[in-house]
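Visitor: This is the structure I have questions about; it appears just below.
The values are calculated or read from the model by the stated rules, or taken from the named source; none is laboratory data. This is a predicted model, so every value here is computed, not measured. Here the Cβ is made from the backbone with ideal geometry for all residues, glycine too, and neighbour counts use every protein chain on show. The accessibility values were calculated without ligands, DNA or RNA, using every heavy atom of the protein model including side chains. Shrake-Rupley method; radii C 1.70, N 1.55, O 1.52, S 1.80 Å.
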Amino acid sequence: MKPLRDLTLNKKFLLGIGLIVVLFWCMFSLIIYVTLKDTILRETHEKTEILFSHIQATIKYTRQKLRPKLFKLLPEKSFVVEAMSVSFINKQIMSEFGKEFPNFIYRRVAIDPMNPSNTPDYHELQYIRLFKEKGMDEWKGIVNKNGDRYFLHARPIIMEQECLHCHGNPADAPPGLIKIYGTKGGFNKKVGDVIGVESIAIPLGQTFAQINDLVISIFMMGLIGVAFLFVSLNYLINRIAVRPIKSVSRFFKSVVEGEEDLDTRLRVRSGDEIGALASSFNQMMQYLKNSQEQLRASERKYRRIFEGSKDTILIADCDGFIQDINPSGLEMFGCKDKMKLIKERTLYDLFVRKEDYARFLNEMERQGYIRDYETTLRSVDDRELEVLITANFRREEDGRICGYEAIIKDITEWKKIQSQLQQTDRLASIGQLAAGIAHEINNPLGIIMGYAGILLKELDSTTPLREDIEKIYRNAEVCKRIVEDLLKFSRKTETRPELYSINSIIEEVVDMISYKFEEKSITLKKLLQQNIPEIMIDTEKMRQVIMNILMNAIQAVDVGGTITINTEFNEKTKKVKISISDTGPGIPKDMIKRVFEPFFTTKQPGEGTGLGLSVSYGIVKEHNGEITVESQEGKGATFHVILPAEGVHLLSVHGTSDERA
């Protein structure tokens, strides 16, 4: 069926008309053939009826008029075959008739006849049996005889009372009849018996051939007429319909392919249906132009919102496959290739906690929308993003749900700032508490150390009590250092700022603890930016900050590990950033928020007081700076110290860049 569908409209129309006309003409020719054949058969049947009527009239005349008259005129028991035998007379008459119509065949035969020439053939015996068994009074139809087709009309010969004079008891039969035919056959018949068959066969083969020739001639003339009709219709259809439709089609195709714009109009050349189609097409073009302008305006408006939004706008289907995402979304998820994100990630993949995705779907199905749903998503570069999701279902015009539309706000930095504010408040409270405790302990501690010192001066070195007093003094000194650390943490110590190079401080600290790196075969990488300006800092306190962070890094890494120190100056923000990274085990996520709390430590007992980073935090805050930490378990930790450098000038270069092992 596909080749038919690919045909042109003209060919389809002509093919359909052709099939209809050919089928009609075939039916017409068949009807003519059947009608002529039935007419011939009916007329032939009427001819046989006329012949049979003539034969019956002859038989009736012979039996009722001629034979009785001859019996009176002739001597008793005389029999003249030529004048008294019905069969003989009929055969003679039909013989004379056959001379005029030689193709007509008349047969009058009987079972066990007097005259052997009247013996029936096989087919005639079948007719006799049919008349006996079925009780039929005639049979007519087409038969083949001598290589030709004949119309055969047959009737049964039934024994009647008048016939028993000759065909009954042989003793009663006329002697002349017995003398001619003998007594071998034709006697002892009974009234009502079917004793034979009488038939007339008229040839129809030539007539049927003439009918066939006539019908074929009519059919061929019809085909010629159909061909002429095809040519005429093809020209007419092409002229009236196909050419105008092709013109409309070409114009429409040129508009679709962009060769013509929607302002172009099709020329209307007639007032018929084709002209109405062209007018409708022009109206459609105007409607499409208006719709296109409205659509473009709407698309521009949507695209400005979509592309310009600083929040992520994401569109997904019902299965969670991402269909579109705006530039802010690509930036948030750390992906430069939109198609890669669309093909490789689904909403399910973006959720860090899969149970959050299940709750998200449940809320969407329950309400049809969700607002400010807080969760954690994972970016393409494996960062965790704290976000708020506001989403709703997308629906088709018939109301079917076809996906989601979501606005995702990245609150990662806000959460960090919030956490830092909470930590700052907590550390400030702890600092105030620590300062109060330090002042309260400092006075009695000074008295203890003073009296212990007096006792040590008075006691001889050999006195057993001296050793106990020395233990008291040493432990009091430890307590004093802790109190001093607490005071430093609480910013209660004096700060002496001066212009100094941060790179020089790093070099000095590294030189002081270089043996620590050698003990554990640690590789130290120094990536110190050149031309970093000197900044206002308390050099001693800043050495302590760098020292504390480096000592923590040295204790964290294994033998053969790596520590990297990086410094850089941001011209825009006017800030100096110091980053110290290690390849240690990292800080657990649940502990990273507590690293700057006083007395918090992950070290073994006796390895530290837990005040180093707390004191460093306080020192950095004194300098109006920031100290943060980044860490992933198994990937080490990085501490960032950011110090302001505003209002200073670039001085001499103090930075270096080397690598030490």
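Visitor: So if R0 is 22 Å, what FRET efficiency would Tyr287 and Lys253 give, r being the distance between their Cβ atoms, rounded to the nearest 0.05?
Guide: After rounding to 0.05, the efficiency reads 0.70.
Visitor: Angle between the Cα long axis of helix 122-134 and the longest principal axis of the chain, 0 to 90 degrees, nearest 10?
Guide: Approximately 80 degrees, to the nearest 10.
Visitor: So I have [x] 71.4; [y] 31.3; [z] 33.3, and one of them is mean projected area of the Cα convex hull in nm² calculated from this model. Which one is it?
Guide: Correct label, based on the coordinates given: [x].
Visitor: Now for a separate question. Keeping all protein chains in place, calculate the accessible area per residue for the chain (probe 1.4 angstrom), answer in Å².
Guide: Counting only protein heavy atoms, the per-residue value for the chain is 60 Å².
Visitor: Can you compute the FRET efficiency between Thr119 and Ile240 using 1/(1 + (r/R0)^6), with r the Cβ-Cβ distance and R0 = 60 Å? Round to the nearest 0.05.
Guide: With a Förster radius of 60 Å, E is 0.20.
Visitor: Shifting gears a bit: For the cross-link pairs Lys340/Lys574; Lys253/Lys301; Lys91/Lys179, which exceed 32 Å when the distance is taken from alpha carbon to alpha carbon?
Guide: Beyond 32 Å: Lys340/Lys574.
Visitor: Let me ask something else about it. Could you work out the relative contact order of the stretch 143-276, using alpha carbon pairs under 8 angstrom and six or more residues apart, expressed as a whole percent?
Guide: Value for the stretch 143-276: 23 percent.
Visitor: Give the aspartates and glutamates reachable from Lys575 as a straight Cα distance under 12 Å; neighbours fewer than 8 places away on the same chain don't count.
Guide: The qualifying aspartates and glutamates are Glu534, Glu626, Glu646.
Visitor: Additional query: How much of the accessible area of the chain, in percent, comes from carbon and sulfur atoms when a 1.4 Å probe is used?
Guide: 55 percent
Visitor: In nm, to one decimal, how far is the Asp261 label point from the Asn443 one, both placed 7 Å along Cα→Cβ?
Guide: Each label point lies 7 Å from its Cα, and together they span 9.2 nm.
Visitor: Kindly provide the GluC sites (Glu not before Pro) of the stretch 152-227 that DSSP labels as loop, not H, G, I, E or B, and whose Cβ sees at most 15 other Cβ atoms within 10 Å.
Guide: Those satisfying the criteria are Glu160.
Visitor: Sum -39500 (n - 2.57) across every DSSP H segment of at least 4 residues in the chain, then divide by the residue count to get the 222 nm mean residue ellipticity, nearest 500.
Guide: Helix-only estimate at 222 nm: -17000 deg cm²/dmol.
Visitor: With everything on Cα atoms, drop me the angle between helix 243-256 and the longest principal axis of the chain, reported from 0 to 90° to the nearest 10.
Guide: Between helix and principal axis, roughly 10 degrees.
Visitor: With every protein chain in place, what's the accessible area of Phe219 (1.4 Å probe, Å², nearest 10)?
Guide: Its accessible surface works out to 50 Å², give or take rounding.
Visitor: Another one. Determine the relative contact order of the chain: mean sequence separation of Cα pairs under 8 Å and six or more apart, normalised by residue count, in whole percent.
Guide: Contact order relative to length: 8 percent.
Visitor: Ok, one more. Taking Cα centroids, how far is the stretch 279-355 from the stretch 117-179 in Å?
Guide: For the stretch 279-355 versus the stretch 117-179, the Cα centre distance is 102 Å.
Visitor: Given the Cα-Cα distance of Glu355 and Met339 and 0.36 nm per residue of separation, how much length would full extension add, in nm?
Guide: 3.1 nm
Visitor: Modelling each spin label as a point 7 Å along the Cα-to-Cβ direction, I'd like the Cys26/Lys593 distance in nm, to one decimal.
Guide: Here the modelled spin labels are 9.0 nm apart.
Visitor: So, one more: Could you tell me which residue out of His123, Leu456, Pro156 lies farthest along the dipole of the chain toward its positive end? Charges go on the beta carbon: Lys and Arg +1, Asp and Glu -1, centred on the Cα centre.
Guide: Pro156
Visitor: Right, next: Could you tell me the calculated FRET efficiency between Ser521 and His640, based on Cβ-Cβ distance and R0 = 35 angstrom, to the nearest 0.05?
Guide: 0.85
Visitor: Looking at the stretch 326-393, which trypsin sites (Lys or Arg not before Pro) are in a loop (DSSP not H, G, I, E or B) and have at most 10 other Cβ atoms within 10 Å?
Guide: Lys336
Visitor: To the nearest 10 Å², what's Cys402's accessible area with a 1.4 Å probe?
Guide: 30 Å²
Visitor: Could I ask something else about it? Which lysines, if any, have their Cα less than 21 Å from the Cα of Lys336, not counting same-chain residues under 8 positions apart?
Guide: Once the sequence-local lysines are set aside, what remains near Lys336 is Lys310, Lys409.
Visitor: Does anyone have the angle between helix 412-458 and the longest principal axis of the chain? Alpha-carbon axes, 0 to 90°, nearest 10?
Guide: With both axes taken from Cα atoms, the answer is about 30 degrees.
Visitor: With label points built 7 Å along Cα→Cβ from the Cα atoms of Asn392 and Arg129, find their separation and express it in nm.
Guide: It is 9.6 nm.
Visitor: Over 18 Å between Cα atoms, which of Lys577/Lys621; Lys525/Lys572; Lys99/Lys140; Lys577/Lys635 qualify?
Guide: The pairs that break the limit, which is 18 Å between Cα atoms, are Lys525/Lys572; Lys99/Lys140; Lys577/Lys635.
Visitor: Using a Cα-Cα cut-off of under 21 Å, which lysines could be cross-linked to Lys184, ignoring same-chain neighbours fewer than 8 residues away?
Guide: Lys77
Visitor: Moving on. May I ask you to compute the full-extension gain from Glu508 to Leu19, defined as 0.36 nm times their residue separation minus their alpha-carbon distance, rounded to one decimal in nm?
Guide: Length difference between fully extended and current span is 165.4 nm.
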